[in-house]
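Below is one structure, written out as structure tokens; the observations come after it.
The values are calculated or read from the model by the stated rules, or taken from the named source; none is laboratory data. Here the structure is a predicted model, which is why all the values come from computation and not from measurement. Positions of Cβ are backbone-derived with ideal geometry, glycine not excepted, and every protein chain shown enters the neighbour counts. We work out accessible area using only protein heavy atoms, side chains counted, and drop any ligands, DNA or RNA first. Shrake-Rupley method; radii C 1.70, N 1.55, O 1.52, S 1.80 Å.
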Amino acid sequence: LNKNMFFYIANIRIPTERAHGLQIMKMCEAFAKNKREVELVVPRRFNHIQKNPFEYYGIEPVFKIKKLFCLDLVKFGRIGFLIQSFTFFLSVKIHLLFREKKILYARDWFIGLFFNDFILEIHNLPKKITRWHKNVWQKASHIIVLTVIAKKRLIETGIREDKIFVAPDAVDLKKFDISVSKEEARKKLNLPVDKKIVLYTGHLYKWKGVDALIEAGKLLEKGTLIYLVGGTKKDITNYKLQITNYHNVHLVGHRPHNEIPLWLKAADILVLPNSGQDDISKFYTSPMKLFEYMASGRPIVASDLPSIREILNGDNAFLIDSDNSQKLASAIDKVLKNASLSNSMAVKAILDVKKYTWEERTRKIINFCGFYV
């Protein structure tokens, strides 16, 4: 056993259609490629997705996945989730009891009940920060956040600046910078070749701002279609009712992640319409789709929010006020009518995204945390 074996502890169903599953798997793959011996530790839970996780995500099997016992009561609400979390982390504690030389990495604050000296990656901060939160943060040896804003807020709570590292999300450039023309991509996906296509990929949560994009569909010029790729079955059902009278809005539903590069290449415009009404969207998110959009070589229209501004600017994307369907529609029309400006922004985005790879993200985290010391 490698004396510095790396354990990524994730209280998630794996595989999962939610984005955090892909992010965690990509991080484990990248840590392994950065010469770490990696084990992803997850709970043994009921899963309607029966596919092998490595196959499901298109990820090299360069690390181990260990599934541990838990009382799988998540479907019973908050109490059920707390019981499931407690029993899973108790199993983790037992599993790692005799591993003296280990590096622990997690995104779940529950780890603070069972361990000290771990690396905690935080993707959102609560509006009300309690003594419990501060206690977990103090126990962590290092804290990884996605945005500069999150780091500033942690410092305001009394966390030492030198233990916090900002690491935005990332992309697999080889998978998204593919040499497929717009026409070829559309033929493979059975999309119309004679229409303008506006594309959104990802979940349909309210804070993702999809409602504004749907409303913008009313205002777009004839011949412009909106495709929404992603979402749970429940969300798809709800939105199908909402778009009954929107003849240019199409709900595609969840698609395998290895198909997303084709969808991006098939589009004329990629939209990131995040809402400014939720703190996670406004201050803390670093959407993986943002980096996938940048790598695809298509122009981006995005909400002008502080979190998004940390990556996008007026040179590599069209930034507009959030939650404003009229301005969103105007920006889309502007992109469609100004090919030279759109192309220059898309090219700039490709250049800017080269520093946001999974291998580079993990390398920086390794250096910051001093794994090799």
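Using a cutoff of 8 angstrom between alpha carbon atoms and counting only pairs six or more residues apart, the relative contact order for segment 278-373 works out to 29 percent. Among 203, 95, 142, the largest mean-square fluctuation in a Gaussian network model of the chain, built with springs joining Cα atoms closer than 10 Å, belongs to 95. Computed over protein heavy atoms with a 1.4 angstrom probe, the accessible surface ordering of 153, 44, largest first, is 44, 153.
Couplings 3J(HN,Hα) of segment 76-93, computed from phi: 8, x, 4, 4, x, 5, 5, 5, 4, 5, 4, 5, 5, 5, 5, 5, 4, 4 Hz, in residue order, whole Hz [Karplus 6.51 cos²θ - 1.76 cosθ + 1.60, θ = phi - 60°; x for Gly and Pro].
Would you mind classifying segment 164-217 by shape? Square roots of the alpha carbon gyration tensor eigenvalues, ordered a ≥ b ≥ c; an a/c under 1.5 is rounded, otherwise it is prolate if a/b is larger than b/c and oblate if not. Here segment 164-217 falls in the oblate category.
With R₀ set to 25 Å, the beta-carbon distance separating residue 194 from residue 174 gives a calculated FRET efficiency near 0.20. For a modelled paramagnetic label at residue 354, 7 Å from Cα along Cα-to-Cβ, the residues of segment 293-316 in reach, with backbone nitrogen under 15 Å, are 295-297.
Distant-in-sequence amide contacts of residue 323, defined by a placed amide H-H separation under 5 Å and a gap of 5 or more residues or a different chain, comprise 276.
The charge dipole of the chain, taken about its Cα centre with unit charges on the Cβ atoms of Lys, Arg (+1), Asp and Glu (-1) only, comes to about 880 debye. Note on the chain: GNM, Cα springs under 10 Å; of 120, 341, 328, the largest mean-square fluctuation is that of 341.
When the Cα positions of 167, 80, 54 are compared along the charge dipole of the chain, 80 comes out farthest toward the positive end, with charges on each C-beta of Lys, Arg, Asp and Glu.
The calculated FRET efficiency for residue 326 paired with residue 46, based on their beta-carbon distance and R0 = 30 Å, is about 0.10. Taking 108, 315 and ordering them by how much accessible surface each has at a 1.4 Å probe, largest first, produces 315, 108. Using the Cβ-Cβ distance between residue 60 and residue 234 with R0 = 30 Å, the FRET efficiency computed as 1/(1 + (r/R0)^6) comes to roughly 0.40. Think of a 1.4 Å ball rolled over the protein heavy atoms: segment 12-80 then has 51 Å² of accessible area per residue.
A Gaussian network model of the chain, with springs between Cα atoms under 10 Å, assigns the largest mean-square fluctuation among 124, 52, 248 to 52.
Summarising the amide proton neighbourhood of residue 66: residues at separation of 5 or more, or on other chains, whose placed amide H is nearer than 5 Å comprise 40, 41, 42. Length available on full extension from residue 157 to residue 364: 0.36 nm per residue minus the Cα-Cα distance, which gives 72.1 nm.
Shown here is the pair-distance distribution of segment 1-98: with all Cα-Cα distances grouped in 10 Å bins from zero up to the longest one, the shares run 16, 45, 32, 7, 0 percent. Using θ = phi - 60° in the Karplus curve 6.51 cos²θ - 1.76 cosθ + 1.60, the 3J(HN,Hα) couplings for segment 248-259 round to 9, 10, 10, 8, 8, x, 5, 10, x, 4, 6, 8 Hz; x is entered for Gly and Pro. 3J(HN,Hα) along segment 156-162, derived from phi through the Karplus expression 6.51 cos²θ - 1.76 cosθ + 1.60 where θ = phi - 60°, amounts to 4, 7, x, 6, 4, 4, 6 Hz, with x in place of Gly and Pro. Taking every alpha-carbon pair under 8 Å whose residues sit at least 6 apart, the chain reaches a relative contact order of 15 percent.
Here the chain has an Rg and Dmax of 21.1, 66 Å, counting Cα atoms alone. When both segment 343-359 and segment 59-94 are represented by their alpha-carbon centers, they are found 37 Å apart.
Within segment 110-173, what whole-number % of the accessible surface is contributed by carbon and sulfur, with the 1.4 Å probe and all protein chains included in the calculation? That fraction is 50 percent. Heavy-atom surface analysis with a 1.4 Å probe gives segment 250-293 a carbon and sulfur content of 44 percent of its accessible area. Taking 8 Å as the Cα distance limit and 6 or more residues as the minimum spacing, I'd like the relative contact order of segment 232-346 as a percentage. In percent, rounded to a whole number, it is 23. Just check segment 233-373 against the gyration tensor rule for me: Cα atoms, a ≥ b ≥ c as the square roots of the eigenvalues, rounded for a/c under 1.5, and otherwise prolate or oblate depending on whether a/b exceeds b/c. It comes out prolate by the Cα gyration axes.
In this structure, the amide hydrogen of residue 249, modeled 1.01 Å from its nitrogen in the peptide plane, lies closer than 5 angstrom to those of 226, counting only residues at least 5 positions away or on a different chain.
Helical runs assigned H by DSSP (4 residues or longer) give the chain a calculated mean residue ellipticity at 222 nm of -11500 deg cm²/dmol, each run adding -39500 (n - 2.57) before division by the residue total. Rolling a 1.4 angstrom probe over the protein heavy atoms with all chains in place gives segment 234-325 an accessible area of 37 Å² per residue. In segment 151-272, taking the dipole from charged Cβ atoms about the Cα centre, the farthest positive-side position among 271, 190, 238 is held by 238. Over segment 121-270, all Cα pairs binned in 5 Å intervals from 0 give whole-percent P(r) values of 2, 8, 15, 14, 13, 12, 10, 10, 8, 5, 3, 0, listed from short to long.
Summarising the label geometry, the points placed 7 Å from Cα in the beta-carbon direction at residue 340 and residue 277 lie 4.0 nm from one another.
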